[in-house]
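Every number here is computed from the coordinates shown, using simple stated rules; none is lab data. Worth saying up front: this structure is predicted, and the values here are computed from it rather than measured. Virtual Cβ from ideal backbone geometry, glycine too; neighbours counted across all protein chains shown.
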Amino acid sequence: MTSPSEDLVTRTRAFVESEVLPLEDAFDGDVAAAGGDRLRVDLQKLARAAGVFAPHAPEEFGGLGLGMVERAPVFEAAGRALFGPMALNINAPDEGNLHLLDQVASGDQRARYLAPLARGEQRSAFAMTEPPPGAGSDPGALLTVARRAGSGWLVTGQKKFITGADGAGFYIVMARTPGGATMFLVPADRPGISITRHVPTMDRSMVGGHCELSFTDVEVGDEDVLGAVDEGFRYAQVRLGPARLTHVMRWLGAAQRAHEAAVSYVSTRSAFGAPLARQGMVELMIADNEIDLAATRSLLLTACRVLDAGGAGREETSLAKVFGAEALHRVADRAMQMCGGAGVSADLPVARIARELRPFRIYDGPSEVHRMSLARRAVRRYGASA
């Protein structure tokens with residue numbers, strides 16, 4: 001008998017194949033060319049009708065309330081299409097912001113921000129990264145400041161690479177406060193906020209782009225503080241750990257699709273008197289892709305189990321994120337190589353998937369920073385007895 005979660009995976013994959021992939025193919029994965037927010041709204045209506053919308057969101061807001069292990073294969077099925085996560089309302093940054101709000105937001109904030117976000121009525125952005133010399137891989141370099149002004153705060157600073165900022169209904173803004181850093185929930189139309197630039201990047205599937213933002217004496221009240229004052233860095237970890245894993249889930253689906261497309265291609269293409277799929281060098285690439293995909297799933301599910309059990313899982317999420325980002329990029333790169341000229345063309349989905357996968361080695365913490373963290377944990381664990 002098929003379990004409810006298996007049925008959801010099957011229905012999600014069928015929805016993606018019938019409703020989303022044709023649009024992705026028509027616009028080569030470029031969400032702006034395909035309609036941007038208008039496309040998002042249309043696809044989310046279809047996802048609701050198909051019963052696959054918001055599998056991660058709390059049930060009180062119309063979601064399915066899936067845990068990390070349960071959502072992994074669903075997110076992977078959605079990720080087979082570059083627009084699939086957007087259709088299900090599980091795309092970054094909204095999915096990570098929803099989790100953070102669910103864990104930290106007050107009752108009023110849940111009604112004002114979490115509920116419409118879960119229902120797809122508005123988008124959000126997470127405003128932490130800054131232009132040099134501000135916060136990037138080192139959050140301690142945070143330069144945006146919030147200073148007390150009467151009964152509220154004034155936020156001033158610059159942000160960069162803020163995914164989804166254009167068209168978002170609100171921002172979660174990280175700003176330095178006297179005792180550390182604080183997160184603020186800020187409506188995007190509040191006076192003093194401006195989008196100064198869209199940063200051109202190689203990926204094209206993120207609605208709202210990657211933007212530079214300017215905050216000039218933006219007024220916020222104590223009711224806009226997310227959680228407690230000076231606890232922003234701690235809350236960032238609440239958001240980033242699960243968000244790194246859901247990135248792996250989504251990109252795993254994309255890499256799997258690239259691999260399947262490549263294997264299908266080499267199974268029908270012959271050279272030097274034999275099918276490419278039967279030639280040794282191609283067989284090695286196929287096998288290595290199978291290994292990377294399976295290993296990524298294993299590390300992902302290990303980390304998901306830790307989070308579902310209530311653990312922080314910092315080491316497990318770093319392992320899954322670093323290995324997954326690099327392994328899935330290798331999968332897409334081998335897929336392109338197997339397909340030759342067709343692999344770098346728009347005739348197959350492989351090139352666009354590789355284009356979207358490459359930034360994952362940087363987003364949500366570059367591989368090098370995660371390796372530094374993993375190494376330091378290992379030294380603390382084993383160094384005294386070495």
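The table below gives the values:
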read-out	value
Within a Gaussian network of the chain (alpha carbon springs, distance under 10 Å), most fluctuating of 145, 248, 350	145
Length-normalised contact order for region 124-229 - Cα pairs under 8 Å, 6+ apart - percent	31 percent
Cα-centred dipole magnitude for the chain, charges only on beta-carbon of K, R (+1) and D, E (-1), debye, nearest 20	760 debye
From phi via Karplus (6.51, -1.76, 1.60), per-residue ³J(HN,Hα) for region 17-22 in Hz, x at Gly/Pro	5, 8, 9, 9, 4, x
Table column - 3J(HN,Hα) (Hz), region 176-193, Karplus curve with 6.51, -1.76, 1.60, x for Gly and Pro	6, 10, x, x, x, 9, 9, 9, 10, 8, 10, x, 5, 8, 5, x, x, 9
Sequence-distant residues sharing a close amide H with residue 163 (under 5 Å, placed H)	126, 211
Residues 83, 27, sorted so that the one with the fewest Cβ neighbours within 10 Å comes first	27, 83
Calculated log₁₀ intensity ratio I(q)/I(0) where the Debye formula runs over C-alpha points of region 105-159, q = 0.23 Å⁻¹	-0.91
Inter-centroid distance (Cα atoms) of region 142-172 relative to region 251-293, Å	46 Å
Interchain or long-range residues, amide H under 5 Å from residue 181's placed H	230, 231, 232, 233
J(HN,Hα) series, region 263-272, from Karplus relation 6.51 cos²θ - 1.76 cosθ + 1.60, nearest Hz, glycine and proline x	5, 4, 5, 6, 6, 10, 9, 10, 7, 6
The chain: calculated mean residue ellipticity at 222 nm from DSSP helix runs of at least 4, using -39500 (n - 2.57)	-15500 deg cm²/dmol
Most mobile of 224, 30, 138 in a GNM of the chain (Cα contacts under 10 Å)	138
Size of the chain as Cα extents on the principal axes (Å, biggest first)	80, 59, 45
Compactness index (Cα Rg / 2.2 N^0.38 Å), region 1-66	1.24
Proximal aspartates and glutamates to residue 160, defined as alpha-carbon separation beneath 15 angstrom and excluding residues fewer than eight positions away on the same chain	130, 138, 212, 364
Cα-derived Rg over Rh, computed across region 1-136 with Rh taken as Kirkwood radius	1.00
Dimensionless Rg ratio for region 233-385, taking C-alpha atoms and the 2.2 N^0.38 Å reference	1.20
Approximate shape of region 124-229 as ellipsoid semi-axes (Cα gyration tensor, √5λ), whole Å, largest first	22, 15, 11
Alpha-carbon centroids, region 16-89 and region 362-384: separation in whole Å	33 Å
